[in-house]
1. Residue by residue through the range 31-60, note down the ones that are of a type in the set (D, E, K, R) and either open to solvent by 70 Å² or more (accessible area, probe 1.4 Å) or on the phi > 0 side of the Ramachandran plot (or both).
2. Taking only the range 61-75 into account, find how many residues are closer than 25 Å to residue 50 by Cβ and loosely packed, with under 10 Cβ neighbours inside 10 Å.
3. As an exercise: evaluate residue 18 against (1) open to solvent by 100 Å² or more (accessible area, probe 1.4 Å); (2) modelled with pLDDT of 90 or more and give the number of the one condition it does not meet.
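The values are calculated or read from the model by the stated rules, or taken from the named source; none is laboratory data. Here the structure is a predicted model, which means the values were calculated and not measured. Methodologically, a virtual Cβ is constructed for each residue, glycine included, from the backbone with ideal geometry; neighbour enumeration extends over all protein chains shown. To get the accessible areas, we keep the full protein, side chains included, count just its heavy atoms, and leave off ligands, DNA and RNA. Shrake-Rupley method; radii C 1.70, N 1.55, O 1.52, S 1.80 Å.
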Amino acid sequence: GTAGNTQEAAATAAAANEAAPQLLKNTVSNIKKRKKAADAAWRAEMKSKIKAIPDSLRIMPDDSEAQKKKKKRIAKRLKANNRAVTMEIKQKDKANSWQKFAQKTKKKR
């Protein structure tokens, strides 16, 4: 009675121990895949926020002073926004790079 149950329990525990690292590995790789996909989606979203300055904002010789000021102001705002988005992307890339490096050095210790 109990000897059979003990052997079955031991066999079940051994199988669970063998399966646990595999489950953990799958979980870690799945997390990495989801993080990579989320980063790619975030990057695509941020790049979609970068807008080219339209031709309609080019200052023409026949524009009045008021039109020139308005066009300059709008173009300046677009450039500032594009610069901010680009800087945010670079900053996140730098942070990710550092985190990867820090994780590698932790594993070596």
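1. Filtering the range 31-60 down to residues of a type in the set (D, E, K, R) leaves 32-36, 39, 43, 45, 47, 49, 51, 55, 58.
Across the range 31-60, the qualifying residues are 32, 33, 34, 35, 36, 43, 45, 47, 49, 51, 55, 58.
2. So the count comes out to 0.
3. For residue 18, the failing item is (2).
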